[in-house]
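Trainee: Just dropping this structure here.
The values are calculated or read from the model by the stated rules, or taken from the named source; none is laboratory data. Worth saying up front: this structure is predicted, and the values here are computed from it rather than measured. FYI the Cβ positions are ideal-geometry reconstructions off the backbone, even for glycines, and counts take in every protein chain you see.
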Amino acid sequence: MRLKAKVGPKGQAVIPKEVRDILGIAPGDEVIFEVGDKEAKIKPAGRTSSVSELTEIVPKKDKLSKDVDVKKLILSETIER
């Protein structure tokens, strides 16, 4: 999904309702911006997993070349057992 929003004079942009609904963001909630390579990601604060938090401490030069879907990995392990 791609949606456009305009940045106001104070540098603020409104998060479109469709995005707020998908992410479960309500007025007063905090969000996290992840910025890199001229792009930004937004996600609700307080919902990061411990795995996500741990990956942030790994130096960029040592990071995996591909993303790992940890949730899918754990689910498949659970199903196998």
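Trainee: Tally the residues that are among the small types (Gly, Ala, Ser) and under 16 Å from the mean Cα position of the chain (by Cα), restricting the search to segment 1-25.
Mentor: 1
Trainee: With the condition kept exactly as written, say whether any residue in segment 1-8 is β-branched (Val, Ile, Thr) and either touching a helix residue (DSSP H, G or I) at 6+ places or on another chain (Cβ under 9 Å) or within 29 Å of Ile74 (Cβ to Cβ) (or both). So that I can check it myself, show each step before the final result.
Mentor: Pass one, segment 1-8, residues β-branched (Val, Ile, Thr): 7.
Add one more test, that the residue is either touching a helix residue (DSSP H, G or I) at 6+ places or on another chain (Cβ under 9 Å) or within 29 Å of Ile74 (Cβ to Cβ) (or both), and what stays is none.
No, every residue in segment 1-8 fails to be β-branched (Val, Ile, Thr) and either touching a helix residue (DSSP H, G or I) at 6+ places or on another chain (Cβ under 9 Å) or within 29 Å of Ile74 (Cβ to Cβ) (or both).
Trainee: While we're on this one: Collect the residues in segment 1-16 that are part of a loop (DSSP other than H, G, I, E, B) and either loosely packed, with under 11 Cβ neighbours inside 10 Å or of a type in the set (S, T, N, Q) (or both), keeping them in residue-number order.
Mentor: Correct list: Met1, Arg2, Leu3, Lys4, Lys6, Gly8, Pro9, Lys10, Gly11, Gln12.
Trainee: Got a sec? Which of Leu54, Leu64 is outside any loop (DSSP other than H, G, I, E, B) and at pLDDT below 90?
Mentor: Working: Leu64 fails: outside any loop (DSSP other than H, G, I, E, B).
Going through Leu54, Leu64 in turn, the sole match is Leu54.
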